[in-house]
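Read through the structure below, which is laid out as structure tokens, and then see the notes.
The values are calculated or read from the model by the stated rules, or taken from the named source; none is laboratory data. Everything numeric in this text was worked out from a predicted model, so none of it was measured. Backbone-built Cβ (ideal geometry, glycine too); neighbour counts: all protein chains shown. What goes into the accessible areas is simple: the full protein's heavy atoms, side chains included, and nothing from ligands, DNA or RNA. Shrake-Rupley method; radii C 1.70, N 1.55, O 1.52, S 1.80 Å.
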Amino acid sequence: MIIHRLRNFDDYRRHVARMESIYSERRRLERDLQKNHSRAFDVPGFSYAAGKPVKFRADFAYSNGTDVNWREWLVCPVTGLNNRLRAAVHLADSELGLLPSDSVYLTEQVTALYRYLGQRFANLVGSEYLGEQVSRGETDSRGVRNEDLTRLSFPDESFDGLLSFDCFEHMPDFVAGMREVARVLKRGGCMMWTVPFRADLERNLVRASLGADGEFVHHEPPEYHGDPINAAGCLCFTHFGWEMLAQVKEAGFNDAYALAYWSDIFGYLGVEQFVFVAVK
């Protein structure tokens, strides 16, 4: 797997200038993989999460209909994890160094990722946002814990690591969520997260906000993402740019950086994908 650590927009611009010919080769390879397919197909590779060779499932859903949205596909038939989640597991192992006995908080609970990580971490805590029907920190009839990432119920310095994948974009005030993460992490603890990321943007793109009357204000056409709890989906408030890393540091972290990665062997396609790390 090829990994580059980038900390700001200037780092990224220098990186892009160096990678131009490599990007072209990756695009050619990815076009060839989907060539002659118009519906679901398989891509052979090695699943790090499963620990063996598999055939990853790809499809044209969640895309423009012509080019596969690689980030959301290449699903491992053993673990049920797609490209971005398999890569996050792989990168968390190499970057965070979490031990099986460490306390880890995952900001989801009714997913394949929670079930997978539950087999690896004895002290894993997961949750979903259930709204006001269940008190924060309590569980519903299914045993699902309710947490609001902007107002967590955990004491200070509760966790060694925190993992959050495609959650912060659904918060009108995502910085409050970052501050809460910093609060509940132990000194030296790490957060790994993903969000819809526009590497070409220095500033975040605010798609929607919350008005003074509590109503949504749309600055871009409304965009809803899949939600395992709510069939109607979840409104996306932000597509993030590079300023996000500075905002994370201001929220209480000593360091924050992007990992830009790609691998044909492990099935981490999409020319280049990003996962983010912050250290308290």
Considering residues that are without any contact (Cβ under 8 Å) to a residue 60 or more places away in the chain and out of contact with any strand residue (DSSP E or B) (no Cβ under 8 Å at 6 or more places or on another chain), the number found within the stretch 174-213 is 7
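Out of the residues in the stretch 127-156 that are of a type in the set (Asp, Glu) and under 24 Å from the mean Cα position of the chain (by Cα), which is nearest to residue 114 (Cα to Cα)?
Taking the stretch 127-156 first, the residues of a type in the set (Asp, Glu) are 128, 132, 138, 140, 147-148, 156.
Next cut, under 24 Å from the mean Cα position of the chain (by Cα) only: 128, 147-148, 156.
On the way: 128: 11, 147: 15, 148: 17, 156: 23 Å.
Among those that are of a type in the set (Asp, Glu) and under 24 Å from the mean Cα position of the chain (by Cα), it is 128.
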Output for Cβ contacts, cut-off 7 Å, separation at least six or different chains, first residue in a helix (DSSP H, G or I) in the stretch 7-28, second among the aromatic types (Phe, Trp, Tyr) and surrounded by 14 or more Cβ atoms within 10 Å (Cβ to Cβ), reads 9/242; 12/242; 26/262
Taking the stretch 9-18 and the residues there that are open to solvent by less than 50 Å² (accessible area, probe 1.4 Å) and out of contact with any helix residue (DSSP H, G or I) (no Cβ under 9 Å at 6 or more places or on another chain), the one that is farthest from residue 59 (Cα to Cα) would be 11
- Quick check: anything in the stretch 44-57 within 17 Å of residue 111 (Cβ to Cβ), out of contact with any His (no Cβ under 8 Å at 6 or more places or on another chain), without any contact (Cβ under 8 Å) to a residue 60 or more places away in the chain and open to solvent by less than 40 Å² (accessible area, probe 1.4 Å)? yes
Log entry, pairs with first residue in the stretch 103-123 being closer than 15 Å to residue 86 by Cα, second being in a strand (DSSP E or B) and of a type in the set (Phe, Trp, Tyr), beta carbons closer than 8 Å, six or more apart or on different chains, reads 113/165
Going through the stretch 168-185 in order, the residues found to be buried (at least 16 other Cβ atoms within 10 Å of the Cβ), more than 15 Å from the chain's Cα centre (by Cα) and outside any helix (DSSP H, G or I) are 172, 185
Expected output for the stretch 137-163 (first residue farther than 21 Å from residue 278 by Cα and among the hydrophobic types (A, V, I, L, M, F, W, C), partner modelled with pLDDT of 95 or more and open to solvent by 40 Å² or more (accessible area, probe 1.4 Å), Cβ below 9 Å, 6+ apart or cross-chain) is 144/110
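Among the residues of the stretch 114-139, write down those that are of a type outside the set (Phe, Trp, Tyr), open to solvent by 50 Å² or more (accessible area, probe 1.4 Å) and either closer than 18 Å to residue 193 by Cα or not in a loop (DSSP other than H, G, I, E, B) (or both). Don't jump to the end; show me each part of the working.
Applying the first criterion (of a type outside the set (Phe, Trp, Tyr)) to the stretch 114-139 yields 115, 117-120, 122-128, 130-139.
The next check asks that each one be open to solvent by 50 Å² or more (accessible area, probe 1.4 Å); those that pass are 115, 119-120, 122-123, 132-133, 135-136, 138-139.
Passing the criteria: 115, 123, 132, 133, 139.
So, restricting to strands (runs of 3 or more DSSP E) that lie completely within the stretch 186-280, which ones have at least 3 residues that are open to solvent by less than 40 Å² (accessible area, probe 1.4 Å), of a type in the set (A, V, I, L, M) and in contact with a helix residue (DSSP H, G or I) (Cβ under 8 Å, 6 or more places away or on another chain)? Can you show your working first?
Values: elements: 208-210, 216-218, 255-263, 268-279.
The qualifying strands (runs of 3 or more DSSP E) are 255-263, 268-279.
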The condition from (1) under 13 Å from residue 238 (Cβ atoms); (2) of a type outside the set (A, V, I, L, M); (3) open to solvent by 10 Å² or more (accessible area, probe 1.4 Å) that residue 156 misses is numbered (1)
